[in-house]
Amino acid sequence: MFLGIDLGTSSVKAVLVDEKQQVIGSASSPLGISRLAPRWSEQDPTEWWQATVTAVGALRSKHGKELAAVRGVGLSGQMHGATLLDAADKPLRPAILWNDGRSEEECRELEQVPQFRKLSGNLAMPGFTAPKLLWVAKHEPEVFRKIAKVLLPKDYLRLRLTGDYVSEPSDAAGTLWLDVAKRTWSSELLAATQLRMEHMPSLVDGSAPSGTLSSAVAAELGLPAGVVVAGGAGDNAAGAVGIGVLNPGQGFLSLGTSGVEFVALDRYSADPERGVHSFCHCVPGRWHHMSVILSAASCLSWVTALTGSGSEAALLERIAKETEGPGEVLFLPYLSGERTPHNDPHAKGVFFGLNHETTPAVLGRAVLEGVAMAFCDGQDALRSAGSAPKSLNVIGGGARSQLWGEILAAALGLPLHYRSGGDVGPAFGAARLGRLAATGEVVDDVCTEPQLLDTVEPRAAWVDAYAERLVRFRKLYALLRGQL
């Protein structure tokens, strides 16, 4: 057995996978987000650990025998979170998350650092980790002086599991402190935020061992003592491992809290000008490009609550029954600002085109379509970087919606593939990495594409309609940009 733990934004998920790569059981525990000021987004790292214990405990209640047979553990997690620890490994403040937009000024400062884009391969964006440390240094100097280690979210879980300070290149690339081409920390980039090498964890590949489970934690979780914990991955690279996206031309679309289009590469390539993320893959000798939109499935959750629809499933059912095709209402899905291609933390969510006949179903459809339009913007950025794929696998909680898949396929003009385990992609990928670390098997032998369940082809009648709406969508954003 192999255990994958995925520290998401809204929950911690744990999946148990057998040697035939079948998911034996899964469980999750919810997380909340603190928003104390506009554009702020924070979580308490100790709640990550409590949620992990709860999720694994729920697995143990049903699969205790199987959990006791686990040979390897893999970790996946939300990227970019600044987890600041003192010399006793205590969090100095809540972690500043990936969708926090407070550090716009600090991004401008980083862009002035010589060789910044060449070394990091990316634009400085407020969601990344490095500008957050500059913000803390300016606004909370008493906290900054006490920092002994800076860890990413999943690596804080690793510290609790093993007692070791370790990260891996896929997650580290999202800090802006990594020389992405060389897959090592850059002393020059660290110095730009008043940090040194000793503030950083060591680095291993995501498929390599990073430490072993401590006896006390093993007893608490119901796992064998001394089990290998893999380097793991940032959530998107873990999702790629779970869905078998390792080689050039392969890609996936993630419909989680945020939205990601991910394309695998066999060499380092950077194109930061339009907000394309150039990161290391979690397995040796590979990299990837990503376009990232900050609000995807979170928009569906938001409009469900806004319309009093009870549940996302109920709203999706109503949309399918009450709307027949592309709608006239436009929605800009910028509830947390935006990354690719705009790098605009001030972008706002907008409904345009409302009238007396607008219903909750119409609003819901506009949200599904608005997220699809934002994905189109990201895909154009990938195309300019020379890495747009010819088809996409779909992962994430939003992958459960057939209607959303039909909208996305038509808007993007690409077939979408749905595979077994796609709704738990990062956690499943983490379990695969735990297996690789424990067994030493060949990456490509283990990380194959799961069983194909369905393919959604672009619906011809919708393709032209969405192309026309994309023009209007882009015009609306351009007219409103900077208007507060």
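Values in this text are rule-based calculations from the coordinates and carry no lab data. Please read all numbers here as calculations on a predicted model, not as lab measurements. Glycine also receives a Cβ, built like all others from the backbone with ideal geometry; neighbour counts cover every protein chain displayed.
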What do you get for trypsin sites (Lys or Arg not before Pro) in segment 384-455 restricted to DSSP loop and a cutoff of at most 16 other Cβ within 10 Å of the site's Cβ? K390
Based on alpha-carbon centroids, what's the gap between segment 275-293 and segment 139-163 in Å, whole number please? 24 Å
Around K149, which amide H atoms from residues at least 5 apart in sequence, or from another chain, sit under 5 Å from its own amide H, with H modelled in the peptide plane? L85
Other residues with Cβ under 13 Å from the Cβ of D179 give, with Lys and Arg +1 and Asp and Glu -1, a net charge of +3
Given Cβ charges of +1 for Lys and Arg and -1 for Asp and Glu, the option among A237, L119, F144 whose Cα lies farthest towards the positive end of the dipole of segment 2-243 is A237
Contact order relative to length of segment 2-243, as percent, for alpha carbon pairs under 8 angstrom and 6 or more apart: 20 percent
Overall Cα dimensions of segment 2-243, principal axis frame, Å, largest first: 55, 37, 32
Return the long-range amide H neighbours of Q250 (sequence gap of 5 or more, or a different chain), with a cut-off of under 5 Å between placed amide H atoms. A264
Using label points projected 7 Å from each Cα along Cα→Cβ, tell me how many nm separate Y268 and K390, to one decimal. 3.0 nm
From the list (i) 1.00; (ii) 0.92; (iii) 1.04, can you say which value of Cα Rg over 2.2 N^0.38 Å was derived from the structure given? (ii)
Compute the distance from the alpha-carbon center of segment 190-247 to that of segment 429-452, in whole Å. 15 Å
Counting other C-beta atoms within 10 Å, and keeping those with at most 10, which DSSP coil GluC sites (Glu not before Pro) do you find in segment 143-243? none
Taking the alpha-carbon centre of each part, the distance from segment 315-392 to segment 1-21 in Å is 30 Å
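All other residues with a Cβ under 13 Å from the Cβ of W135 taken together, and with Lys, Arg as +1 and Asp, Glu as -1, what is their net charge?
Within the 13 Å Cβ shell, the charges total -1.
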Only sites in a loop by DSSP and with at most 10 other Cβ atoms within 10 Å count here; which GluC sites (Glu not before Pro) in segment 322-360 make the cut? E324, E357
So which of K20/K154; K118/K390; K13/K182; K20/K65; K90/K146; K90/K132 end up more than 22 Å apart, counting from Cα to Cα? K20/K154; K118/K390; K13/K182
